[in-house]
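Undergrad: Dumping the structure here so I can ask a few things about it.
The values are calculated or read from the model by the stated rules, or taken from the named source; none is laboratory data. Keep in mind that this is a model prediction, so the values were computed, not measured. All Cβ positions, glycine included, derive from the backbone under ideal geometry; neighbour counts span all protein chains shown. SASA here: full protein model, heavy atoms, side chains in, ligands and nucleic acids out. Shrake-Rupley method; radii C 1.70, N 1.55, O 1.52, S 1.80 Å.
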Amino acid sequence: MENSKAFSLKNLGLGCLLTAAVSGCSEFDSSFAYSAKTESLIAEAQDGTDAAPGVKPTLDSRFGNPQQLKAWLKLPVEWGGASARVEAVASTDTEIRIRFTPEEGKSLPTEAGSVQFITGEGAGQTVAITKWDAQTGEAVLASLPEKSPASGDLCAIDGGAALQSGRVLYMRHCSHCHGTAGDGKGPTAEYLNPKPRDYRHGVFKFTSTNDQSKVSREDLLRVLKYGIPGTYMPSFLLMKDEELHAIVEYVRFLAMRGEYERKLVNELASDYSEKSVSDRLKDEKRSDIVQELNEFLKDEFPATADSLGDELGEVWTAADTEDAKIIPSVPRVPDSPESRRRGRALYLSSTLNCADCHGIDGAGNGPQTLAFEKNPVSGELYKEAGLHDEWDNLNQPRNLQRGIFRGGRRPIDLFCRIHAGIKGSRMPSFKNTPHEDIWHIVNYLLSLQFESEPGAIAAAPAAAAEAAPAAAGD
Amino acid sequence: MKKFWALFFWFWPLVALYVCLIAPSRGWWFPSEPLSTLGHQIDGLFYLILIIVTVTFVGTQAALGYALWKGATKGSSQKAWFSHGSHKLEIIWTIVPAFVLVFISLTQLDVLADIRVLSKFPDSVQNSPVAEVMARQFEWRIRYPKPGTKLMNEPQPGDLYFVNEVHVPAAVPTMINLRTQDVQHAFFAPRLRVKQDAVPGLIIPVWFEIEKAGEYELLCAELCGWGHYKMKARIIADSQKGVDEYLTRLELEQNEDGVADAEASAE
């Protein structure tokens, strides 16, 4: 897309200065940055030894780079494209014609740009299609593949097309904050507070899934559509649905890539980081350590890397199932002063202890906001007082009096925040609290904004009944 | 060569005249026909000014060309006439433009009052905004009053919220309250010819009457930061019934407790 823009400007013939400036922007190769933890490994662990690849080549072979994305089929990403089988091949010296049949229950796309052979002699080859007839499934290939495919071979037509379109949209709309690799370090990020999400932990805050589950596609789509009030994440409501879906898939791809990288590094970090190697050098020889690493990479690492991928695939698949979704066991308790009072009592109770962080009046100024926390990874105290999130950013509890709820203001949104907690933040899950009690708290939280003074719950039920027409209608 | 410059300066007013004449039919001036009642008045003003400017441009260029032509055809023995310091001329070229400017400023007063002055708004919309449009970096957050109640300046229990999409009734005057949460923005609906700055700390009433139901672009027209370009929303004009239905839907959605939904999908 960037190319086509540059091209049309060139056609205007606005002089070489503009042409140079534009083409300078259109042609550059971006890359996925590796995490700091990956870079902290010794070079042999990062790049691998002669015998076996290390973290970086393993990662690259499974995820590719932004120009050349790879589809690792273990992962539940909708790569796009259609799978089909070769029905008949007719080749002459100059051209090769293939007739495809769609996989059972699927159909052939109306347009096709390339075909990738997955099984058979020609496996792994990608060839451009010059002519495509969607009716008959007949394609003329642009060039002769090195090894001719045979009938019955499985192939992907326009494989990865959805992910690639997601990448194009992501680079245009998202990467300037969230970064090319989804590390939350785009050029704009420096100026923002709160910081843009770093997807590489695979953790997203506002989900409708259980506390142990990943984010669902629906949750990501919701955030894209409606934005996150109170932050810099704007709404992308005006984009087309298929564009939003493509971005969601690409964000999931980046999140899985980042999470996989972290898991891979964790396998090596304790023994082969620069720091631990320099410690070990006191009574070991470097060549011995490298030899040991070499054997680990050769024997154990590939199987571990595969099983980590399987695990990742499982948890991310599970997030989109009904089992992961939070469904309250009782409908919302109709809003009333009694319910709100109940909610406030629970809010202040020592079992839930919401006030410890959010403050007695819900102003987000509880005693915990003044405490100095320990970084759970490094064990050192944070420089500033207050609560920190998984990304080590200061992340103070929400001021509930403002009426701004980042994850959405629907009762179910607040229910999910309490039930599952806010992942990656210090807001814990209260999944063992009876659902009715959670609804009382939700009613209280929704009324907090309208209290005449802190803790003053409206006595008149009329006003309260108005605030919950749907619930009252039950 | 001397005559060339006279012809050169005569050529351009002809081009300008031609462009002015064909531009409206080609849609060069405006993104579309004006689609709100105020839009017709605003376009009328635009065309009035365009005519004045065209006449002035053509007139001055013709005079310039005439002077050059005369100079070019004069014999070299004739002395030049210097007008510098002529009080009479200076009074003429001060008073004539002054009259033109006063004329324009008086003519547009009514239209400006119709757009900006609250007491001149149609009676039906005065003090009854249908929604609050809150601009923020970089989106439009909309707040509707709970159906059956009036919009208050402060959020009320039961208010309905949405983002980047505002539903208003078509074919009747409609007023919204424009605010901003952070910096200056501008509410700009090109096809409706509505453009109003949103200023921090102010609640600015904006009214318009959209002639036809449909979808209209809403843009930010004040450079408000790095994401200015993505600050885009849509105005959806619908029948009053359609708007009411939309608000009922929105109210249901906003009170979603996740249970009814799950039951419906389980059935």
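Undergrad: Which value at 222 nm does chain A reach when only helices count, each DSSP H run of 4 or more adding -39,500 (n - 2.57), with the total divided by all residues and rounded to the nearest 500 deg cm²/dmol? Present the calculation step by step, with values, prior to reporting the outcome.
TA: On the way: 18 runs with 188 residues, N = 474.
Only helices count here, giving -12000 deg cm²/dmol.
Undergrad: Can you check what the net charge comes to around B:ALA6, using other residues whose Cβ is under 14 Å from the Cβ of B:ALA6 (Lys, Arg +1; Asp, Glu -1)?
TA: Charge balance in the 14 Å sphere: +4.
Undergrad: Right, another one. For the range B:123-256, what percent of Cα pairs sit more than 21 Å apart?
TA: When every Cα pair of the range B:123-256 is considered, 36 percent fall beyond 21 Å.
Undergrad: Along each of its three principal axes, how wide is the spread of alpha-carbon positions in the range B:17-129, in whole angstrom units, largest first?
TA: Ordered largest first, the range B:17-129 gives principal extents of 77, 37, 12 Å.
Undergrad: Cut-off 13 Å, label point 7 angstrom out along Cα-to-Cβ of A:LYS240: give me the residues of the range B:143-174 whose amide nitrogen falls inside.
TA: Inside the label zone: nothing.
Undergrad: Where in the range A:35-56 does the label zone of A:SER278 land, with the point 7 angstrom along Cα→C-beta and an amide N cut-off under 18 Å?
TA: A:36-46
Undergrad: Mean separation of Cα pairs under 8 Å and 6+ residues apart, divided by the residue count of chain A: what relative contact order is that in percent?
TA: 14 percent
Undergrad: Continuing with this model, one more query. Are there any residues in the range A:310-337 with a reduction of at least 50 Å² in accessible surface when going from the isolated chain to the assembly of protein chains? Probe 1.4 Å, please list them by number.
TA: none
Undergrad: Over all residues in B:246-258, what is the mean tally of Cβ atoms on other chains that come within 10 Å of each residue's Cβ?
TA: Mean shielding by partner chains, rounded to a whole number: 5.
Undergrad: Using the heavy atoms of the protein chains and a 1.4 angstrom probe, tell me the accessible area per residue for the protein assembly as shown in square angstrom.
TA: Working: 38650 Å² over 741 residues.
In whole numbers, the protein assembly as shown has 52 Å² accessible per residue.
Undergrad: Taking one equal scatterer on every alpha-carbon of the range A:337-447, how large is log10 of I(q)/I(0) by Debye at q = 0.10, 0.16, 0.20 1/Å?
TA: Here log10 of I(q) over I(0) equals -0.29, -0.72, -1.08.
Undergrad: Antiparallel DSSP bridges in chain B: what percent, to the nearest 5?
TA: Details: 28 of 38 bridges.
Counting DSSP beta bridges with both partners in chain B, the antiparallel share is about 75 percent.
Undergrad: State which entries of B:LYS146/B:LYS212; A:LYS195/A:LYS275; A:LYS74/A:LYS214; A:LYS70/A:LYS205; A:LYS37/A:LYS275; A:LYS74/A:LYS263 exceed 18 angstrom in Cα-Cα distance in the structure shown.
TA: On the way: B:LYS146/B:LYS212 26 Å; A:LYS195/A:LYS275 29 Å; A:LYS74/A:LYS214 16 Å; A:LYS70/A:LYS205 27 Å; A:LYS37/A:LYS275 11 Å; A:LYS74/A:LYS263 16 Å.
Beyond 18 Å: B:LYS146/B:LYS212; A:LYS195/A:LYS275; A:LYS70/A:LYS205.
Undergrad: In square nanometres and to one decimal, what's the mean projected area of the convex hull around the Cα atoms of the range A:303-371?
TA: 8.6 nm²
Undergrad: Working from Cα positions, state the angle (0 to 90°, nearest 10) between the long axis of helix B:240-254 and the longest principal axis of chain B.
TA: Roughly 50 degrees between the two axes.
Undergrad: Given Cα positions, please report Rg to Rh for the range A:182-271, the hydrodynamic radius being the Kirkwood one.
TA: Result for the range A:182-271 is an Rg/Rh of 1.00.
Undergrad: Let me ask another. Roughly how far apart, in whole Å, are the Cα centres of the range B:90-140 and the range A:57-133?
TA: With the range B:90-140 and the range A:57-133 each reduced to a Cα centre, they are spaced 61 Å.
Undergrad: Would you mind getting me the FRET efficiency between A:GLU190 and A:SER40? Use the beta-carbon distance for r and R0 = 25 Å, nearest 0.05. The partial results should precede the final answer.
TA: Values: r = 23 Å, r/R0 = 0.91.
That gives a FRET efficiency of 0.65.
Undergrad: Evaluate the distance, in nm, between pseudo-label points positioned 7 Å from the Cα of A:VAL168 and of B:THR107 along their respective Cα→Cβ axes.
TA: 4.8 nm
Undergrad: Which order do the peptides A:29-41, A:55-67 take when ranked by the mean count of other beta-carbon atoms within 10 Å per residue, highest first?
TA: Put in order of decreasing packing, that is A:55-67, A:29-41.
Undergrad: Roughly how crowded by other chains is peptide A:225-238, in terms of the mean Cβ count from those chains within 10 Å of each of its Cβ atoms?
TA: 5
Undergrad: Additional query: Give me a single rounded figure for B:223-233: the average over its residues of other chain Cβ atoms within 10 Å of their Cβ. Before the final figure, lay out the partial values.
TA: Working: counts 0, 0, 3, 6, 6, 0, 0, 7, 2, 6, 3.
Average per residue, whole number: 3.
Undergrad: Note the buried accessible area between A and B here, summed over both chains, with a 1.4 Å probe, in Å² to the nearest 100.
TA: For chain A against chain B, roughly 2700 Å² becomes buried.
Undergrad: Separate question: Considering only protein heavy atoms and a probe of 1.4 Å, how much of the accessible area of the protein assembly as shown is carbon and sulfur, as a whole percent?
TA: Numbers: 21830 of 38650 Å².
Using a 1.4 Å probe with all protein chains present, the protein assembly as shown comes out at 56 percent carbon and sulfur.
Undergrad: Now, a different point. With the crude spin-label approximation of a point 7 Å out along Cα→Cβ, what separation in nm comes out for A:ALA385 versus A:SER91?
TA: 7.5 nm
Undergrad: So, one more: Only bridges with both residues in the protein assembly as shown count here: give the DSSP antiparallel percent, nearest 5.
TA: Taking every DSSP beta bridge within the protein assembly as shown, about 85 percent pair in antiparallel fashion.
Undergrad: Provide the percentage of antiparallel DSSP beta bridges, counting only those with both residues in the range B:123-256; round to the nearest 5. Let's see the in-between values first.
TA: Numbers: 27 of 37 bridges.
Taking every DSSP beta bridge within the range B:123-256, about 75 percent pair in antiparallel fashion.
Undergrad: Run the quick spin-label model on B:LEU118 and A:ILE360: label points 7 Å from Cα toward the beta carbon, then report their separation in nm to one decimal.
TA: It works out to 4.0 nm between the two label points.
Undergrad: Then there's this: Go from 0 up to the bin containing the longest alpha carbon distance in chain A, width 20 Å each, and give me the % of pairs per bin.
TA: Answer for chain A: a P(r) of 19, 45, 29, 7, 0 percent.
Undergrad: If the label point is 7 Å along Cα→Cβ of B:THR248, which residues in the range B:133-148 have backbone nitrogen under 14 Å from it?
TA: Only B:147-148 fall inside the zone, counting backbone N under 14 Å.
Undergrad: Sticking with this structure for a sec: Would you be so kind as to list the residues of the range A:391-415 that have their accessible area lowered by at least 20 Å² in the full protein complex compared with their chain by itself (1.4 Å probe)?
TA: Hits at the 20 Å² cut-off: A:ARG409, A:ARG410, A:PRO411, A:ILE412.
Undergrad: What ranking, highest mean first, results for peptides B:114-121, A:232-239 when packing means the other Cβ atoms within 10 Å averaged over each residue?
TA: Listed from highest to lowest mean packing, they are A:232-239, B:114-121.
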